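Engineer: Dumping the structure here so I can ask a few things about it.
The values are calculated or read from the model by the stated rules, or taken from the named source; none is laboratory data. Given the structure is predicted, the values throughout are model-derived calculations rather than measurements. For neighbour counting, all protein chains shown are included, and Cβ atoms are generated from backbone atoms with ideal geometry for every residue, glycine included.
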Amino acid sequence: MQITTLVPAYKPKYLIELLTALRHQTVKPARVIISDDSPDQTFVAMLNAEPLKSLVADLQVLVVAGPRNGAYNNFRHLLRLYREQAGGPSELFHLLLDDDIPYPSFYERHLDAHRQAALNCVVSRRWTALESGQPMRDLPVPPAIAQHPQRMLVLGCDLLFAQTAAVSSNWLGEFSNATFSAEMAVQLDDPSMGGICFTGLEDLGAFLKASLSGSLGYINEHLGYFRTSAEQHSANAMGRPMKLAHLAYIALTLGGRRLGKLTATQAATNLAGLCPLIKLRYGHEQDMAELTSVMPGLAAAEEGAEEAFLALWHVYSGASSRQELATTPVLAAA
């Protein structure tokens, strides 16, 4: 069983740290594909020139130009490159953001977990770290899971929906601390569930989608870190990415109920608490005016409120204008 690392690259200042982390894996990835979405193609220039080209020759690195059409389209670009490799893709893939770091045993432990059961996705715990890489806090993992004596758990969709979508919480983390089976590459290309787009929480949405057709493996060990910095979307609470994330919790709640993974009571309880918070936080923002105007009705389960939200969300999330990516060349096998 082999794994391909997919790096949607934009911030070159962490490149050396990222490559160092990959070179020191106890089990190295079979291939590393980097899609360079930087404005001046910095990654392409650096990785195709000496001395870096020779230093990472053992990693089978391929760096290609990205689409430069938004962060998630760079993810989609990589997923297509992965699927269309000559000779077929590896059994597993890992979307590794360019500022996050996997610890040396990350791939070894993830591969071991995938071998233990037929899993669509394996997630491991990670620290939240300062920009320097110093761990400073953990995610609020449910106590029953955090304190479980087993280091490897198999979690079903009912538990995951109840502990995430039903309470507007993502304790699972991001793409960087998860690995997926090859079959999930197509599903990750479509950030929707139950016909409802979850743009803004693509990572959590992907984990929940993975649990619908198979179990999710959870490694109760910290095997990497999520780097925080002033450049991140989460640093700007009024930025569009954070607005999307808040609204996407509504989308996941409605999608979970539509699929029968949340009860009407679970969904109503979550919306009753979440919608007033969104209106309070973003009610003064011009681009959110229409959406926040339907929050009171949605919270109170008024007739027509959900339909009104979904119509507005279909446009605001970008789902209404989503297009297929341009055709990409087939990659030669490494």
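Engineer: From the list F198, F180, pick out the single residue that is aromatic (F, W, Y) and closer than 21 Å to K243 by Cβ.
Structural biologist: On the way: F180 fails: closer than 21 Å to K243 by Cβ.
Of the residues listed, the single one that is aromatic (F, W, Y) and closer than 21 Å to K243 by Cβ is F198.
Engineer: Mind counting the residues in segment 290-327 that are in a loop (DSSP other than H, G, I, E, B), aliphatic (A, V, I, L, M) and in contact (Cβ under 8 Å) with a residue 60 or more places away in the chain?
Structural biologist: Looking only at segment 290-327, we keep the residues that are in a loop (DSSP other than H, G, I, E, B), and these are 294, 300-304, 317-318, 322-327.
If we keep only those that are aliphatic (A, V, I, L, M) too, we end up with 294, 300-301, 325-326.
Filter once more, so that each one left must be in contact (Cβ under 8 Å) with a residue 60 or more places away in the chain: 325-326.
Of the residues in segment 290-327, 2 are in a loop (DSSP other than H, G, I, E, B), aliphatic (A, V, I, L, M) and in contact (Cβ under 8 Å) with a residue 60 or more places away in the chain.
Engineer: Does segment 273-291 include one or more residues that are within 29 Å of C157 (Cβ to Cβ), of a type in the set (F, W, Y) and not assigned by TED's automatic domain parsing to the domain that holds L204?
Structural biologist: No: zero hits.
Engineer: State all residues of segment 66-97 that are among the hydrophobic types (A, V, I, L, M, F, W, C) and part of a helix (DSSP H, G or I); if no residue qualifies, say none.
Structural biologist: Of everything in segment 66-97, those that are among the hydrophobic types (A, V, I, L, M, F, W, C) and part of a helix (DSSP H, G or I) turn out to be A71, F75, L78, L79, L81.
Engineer: Determine whether segment 219-241 contains at least one residue that is over 16 Å from the mean Cα position of the chain (by Cα) and over 30 Å from K11 (Cα atoms).
Structural biologist: Within segment 219-241, not a single residue is over 16 Å from the mean Cα position of the chain (by Cα) and over 30 Å from K11 (Cα atoms).
Engineer: Which members of segment 112-159 meet the condition of being β-branched (V, I, T) and within 23 Å of I101 (Cβ to Cβ)?
Structural biologist: V122, V123, T128, V141
Engineer: In segment 1-34, how many residues are more than 20 Å from A182 (Cα to Cα), of a type in the set (D, E, K, R) and outside any loop (DSSP other than H, G, I, E, B)?
Structural biologist: 3
Engineer: Now, a different point. Mind listing just one residue for me: the one in segment 91-100 that is farther than 19 Å from V44 by Cβ and out of contact with any Lys or Arg (no Cβ under 7 Å at 6 or more places or on another chain) and, of those, surrounded by the most Cβ atoms within 10 Å (Cβ to Cβ)?
Structural biologist: Of everything passing the filter in segment 91-100, F93 is surrounded by the most Cβ atoms within 10 Å (Cβ to Cβ).
Engineer: Which one of these is surrounded by 15 or more Cβ atoms within 10 Å (Cβ to Cβ) and at positive phi: G194, G256?
Structural biologist: G194
Engineer: Taking the criterion of being at pLDDT 95 or above and charged (D, E, K, R), would at least one residue in segment 188-200 satisfy it?
Structural biologist: For segment 188-200, residues at pLDDT 95 or above and charged (D, E, K, R): absent.
Engineer: Working only within segment 289-326, note down all residues that are closer than 30 Å to L78 by Cβ and not aliphatic (A, V, I, L, M).
Structural biologist: Answer for segment 289-326, where residues must be closer than 30 Å to L78 by Cβ and not aliphatic (A, V, I, L, M): W313, H314, Y316, S317, G318, S320, S321, R322, Q323, E324.
Engineer: So is I250 under 16 Å from S168 (Cβ atoms), without any contact (Cβ under 8 Å) to a residue 60 or more places away in the chain and buried (at least 16 other Cβ atoms within 10 Å of the Cβ) or not?
Structural biologist: no
Engineer: May I pose another question? Name every residue in segment 35-63 that is without any contact (Cβ under 8 Å) to a residue 60 or more places away in the chain, surrounded by 16 or more Cβ atoms within 10 Å (Cβ to Cβ), among the hydrophobic types (A, V, I, L, M, F, W, C) and not in a helix (DSSP H, G or I), in order of residue number.
Structural biologist: Once the filter is applied, which keeps residues that are without any contact (Cβ under 8 Å) to a residue 60 or more places away in the chain, surrounded by 16 or more Cβ atoms within 10 Å (Cβ to Cβ), among the hydrophobic types (A, V, I, L, M, F, W, C) and not in a helix (DSSP H, G or I), segment 35-63 yields V56, V61, V63.
Engineer: From the list L119, L111, L97, L81, pick out the single residue that is assigned by TED's automatic domain parsing to the domain that holds G66, of a type in the set (A, V, I, L, M, F, W, C), under 16 Å from Q25 (Cα atoms) and under 20 Å from the mean Cα position of the chain (by Cα). So that I can check it myself, show each step before the final result.
Structural biologist: Numbers: L119 fails: under 16 Å from Q25 (Cα atoms); L97 fails: under 16 Å from Q25 (Cα atoms); L81 fails: under 16 Å from Q25 (Cα atoms).
Testing whether each residue is assigned by TED's automatic domain parsing to the domain that holds G66, of a type in the set (A, V, I, L, M, F, W, C), under 16 Å from Q25 (Cα atoms) and under 20 Å from the mean Cα position of the chain (by Cα) leaves just L111.
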